[in-house]
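Everything on this sheet refers to the single structure shown next.
Computed from the coordinates by the stated procedures, all read-outs in this text should not be read as laboratory data. Here the structure is a predicted model, which means the values were calculated and not measured. Here the Cβ positions follow ideal geometry from the backbone for every residue, glycine too, while neighbour counts run over all protein chains shown.
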Amino acid sequence: MVEVSHLTKKYGDFTAVSDLSFTIEDGLIYGFLGPNGAGKSTTMNIMTGCLSATEGEVIIEGHDIFEEPKEAKKCIGYLPEIPPLYPDLTPVEYLEFVARAKGVPSSELDEQIESVMEETGITVYANRPIKNLSKGYKQRVGIAQAIIGHPSLIILDEPTVGLDPKQIIEIRNLIKNLGKKHTVVLSSHILSEVQAICDRVMIISRGKMVAFDAPENLESLMLGEGTIEVKASCSKDIIEPVIASMEFATGYDIKEEDGGCTATVRIGSEDRQKTQAEMLRMFGEKGVPVYQITPVRASLEDVFIELTHGSSEPDAEEEEVEE
Ligand code: ADP
Ligand code: MG
């Protein structure tokens with residue numbers, strides 16, 4: 001378990017991370033989601049003991065990262081934004097170097113190196129210099145060095161950045177597998193990615209946490225005020241009076257089309273299911289031939305835009321890796 005309390009990082013007058021507090025439970029995959037410059041890497045660098053904090057506390061498995069860095073770091077495997085690879089070494093040589101630095105006993109070295117290479121799928125390239133590997137395989141080596149030594153917590157900073165779509169899918173699957181054995185924290189600025197991999201999503205904007213929940217709950221954040229779409233095989237003048245009489249409808253729009261009409265009905269922050277059931281009852285009672293009724297759900301993308309108000313740094317580079 002990781003407990004982060006009131007974490008703040010200032011660079012001079014600029015606050016990169018502002019009063020962040022959250023808890024990471026064992027066994028789940030967490031995603032830090034935020035635009036460039038949001039403070040994701042800064043937070044991860046502090047959590048892993050690579051950077052000091054201006055204020056606040058980070059406790060990893062009961063160890064304070066600032067007071068007991070050695071014990072705390074033993075629990076963490078970290079893949080920074082720029083992986084610390086030695087291009088002239090082969091994966092085996094590099095992993096041996098990392099394992100020794102992490103204090104893996106000599107008697108366990110071979111077995112652990114073999115097992116992490118298998119887990120990350122790099123066994124075939126065990127003896128090829130890292131500089132001759134594709135970007136996807138370099139990233140696998142980076143993940144292998146993070147998991148060697150059996151840390152319980154794996155922290156991955158933008159693990160799929162710069163990869164091609166096939167490599168992205170492979171790395172995502174690899175991360176999902178890691179999630180079966182480890183607690184994983186990853187960062188990403190790609191919504192669909194955290195939606196696909198993570199059990200919990202923390203949205204960060206300008207160094208502040210703006211949401212922290214399961215991906216499906218973030219979507220329901222936007223469902224309070226919402227829209228329901230109704231399709232009926234009748235003309236506008238049949239359906240309109242019934243919708244107009246619905247007390248929970250705060251507004252509506254009806255379009256006539258071939259063979260019927262589509263109404264979009266905005267509702268206040270009522271219970272969606274109850275509202276839909278009540279709608280159906282009223283349409284039934286008045287004999288309106290409704291054949292489809294669908295809530296218009298907000299995507300995580302909508303939640304993200306709503307919560308961060310497009311607060312990406314004006315001069316930040318846009319990443320081109322988007323599906
Ligand atoms: P992210 O990883 O979410 O893209 P970062 O944590 O890298 O964001 O950066 C957060 C903010 O802190 C950015 O505005 C960045 O420019 C600023 N920042 C990061 N490192 C430094 C530094 N060493 N000195 C000054 N500002 C920095
Ligand atoms: Mg970053």
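Given GLY49, GLY12, GLY62, GLY27, which one is more than 25 Å from ARG140 (Cβ to Cβ), in contact with a helix residue (DSSP H, G or I) (Cβ under 9 Å, 6 or more places away or on another chain) and more than 13 Å from ligand 2 (Cβ to nearest atom)?
Sole residue among the options that is more than 25 Å from ARG140 (Cβ to Cβ), in contact with a helix residue (DSSP H, G or I) (Cβ under 9 Å, 6 or more places away or on another chain) and more than 13 Å from ligand 2 (Cβ to nearest atom): GLY62.
Identify all residues within the stretch 252-298 that are touching a strand residue (DSSP E or B) at 6+ places or on another chain (Cβ under 7 Å), surrounded by 14 or more Cβ atoms within 10 Å (Cβ to Cβ), within 28 Å of LEU218 (Cβ to Cβ) and touching a residue at least 40 places away in the same chain (Cβ under 8 Å); write none if there are none.
ARG266, ILE267, ARG272, THR275, GLN276, MET279, ILE293, PRO295
Please specify each residue of the stretch 27-47 satisfying the condition of being crowded, with 23+ Cβ neighbours inside 10 Å and either more than 13 Å from ligand 1 (Cβ to nearest atom) or within 16 Å of VAL161 (Cβ to Cβ) (or both).
Listed by number, the residues that qualify are TYR30, GLY31, PHE32, LEU33, GLY34, ALA38, LYS40, MET44.
Just the residues that are in contact with a strand residue (DSSP E or B) (Cβ under 8 Å, 6 or more places away or on another chain) and buried (at least 19 other Cβ atoms within 10 Å of the Cβ), please, taken from the stretch 196-210.
Correct list: ILE197, CYS198, ARG200, VAL201, MET202, ILE203, ILE204, ARG206, GLY207, MET209, VAL210.
For residues in the stretch 9-26 being surrounded by 14 or more Cβ atoms within 10 Å (Cβ to Cβ) and under 26 Å from ARG172 (Cβ atoms), which is nearest to ligand 1 (Cβ to nearest atom)?
This residue is LEU20.
Can you name the residue in the stretch 87-122 that is surrounded by fewer than 19 Cβ atoms within 10 Å (Cβ to Cβ) and under 29 Å from the mean Cα position of the chain (by Cα) and, of all such residues, is nearest to ALA146 (Cα to Cα)?
Of everything passing the filter in the stretch 87-122, LYS102 is nearest to ALA146 (Cα to Cα).
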